[in-house]
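Below: one structure, written as structure tokens.
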């Protein structure tokens, strides 16, 4: 629950009072007087835009993504229930902030065109293995990734897809570079 501190400025001779409130983000409230009305409207609009920018600390992004579209993929005889991260914002959040993930679930990152992809684990609490996957579904390389690390793990050549699964999932199933994933969008 945010705590607020306020500064009540003295009433101006025109009868206007300015009130500044500071909390998790700041709010500036101005009771307008008629002769300052037009000028202050522009001032308020600017301050509200500034406050909206400063107040957006990404806290809405500090929660796991559970509501993404899902797709069924196959890896050999194994079925994977993958969430699809297709937009830049969805890809940026990825599996961050998740405390756990069921063993047959993962996240498929879909990019517009093949390019070298690099991933890190900032704010990601789960140990993961990333499969870097070419357009044809062939796994180019795998990378084991430690939780909360900013170390980059990159594809060895341009790829369009990256599938993140719990650490060791691919190895435990005998799936390695050269294996093929089915059901890609």
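The values are calculated or read from the model by the stated rules, or taken from the named source; none is laboratory data. Everything quoted here is computed from the prediction, not taken from an experiment. Here the Cβ is made from the backbone with ideal geometry for all residues, glycine too, and neighbour counts use every protein chain on show.
Things worth noting here:
- Residues in the range 86-123 that are closer than 23 Å to residue 176 by Cα and assigned to a loop (DSSP other than H, G, I, E, B): 94, 95, 101, 102, 103, 104, 116, 117, 120, 121.
- For residue 102, the test of being modelled with pLDDT of 95 or more, assigned by TED's automatic domain parsing to the domain that holds residue 75 and more than 19 Å from residue 72 (Cβ to Cβ) is failed.
- For first residues located in the range 98-125 and at positive phi, partners that are modelled with pLDDT of 95 or more and outside any strand (DSSP E or B) and lie 6+ apart or on another chain with Cβ distances below 8 Å form the pairs 123/96; 123/97; 123/148.
- For residue 70, the conditions (1) over 26 Å from residue 174 (Cα atoms); (2) at pLDDT 95 or above all hold with the exception of (1).
- Residue count, the range 85-107 (criterion: surrounded by 18 or more Cβ atoms within 10 Å (Cβ to Cβ) and more than 17 Å from residue 167 (Cβ to Cβ)): 2
- Qualifying residue in the range 144-155 (condition: in contact with a helix residue (DSSP H, G or I) (Cβ under 9 Å, 6 or more places away or on another chain), over 20 Å from residue 71 (Cβ atoms) and not in a loop (DSSP other than H, G, I, E, B)): yes
- All of (1) at pLDDT 95 or above; (2) assigned to a loop (DSSP other than H, G, I, E, B); (3) out of contact with any helix residue (DSSP H, G or I) (no Cβ under 9 Å at 6 or more places or on another chain); (4) surrounded by fewer than 19 Cβ atoms within 10 Å (Cβ to Cβ) hold for residue 126 with one exception: (4).
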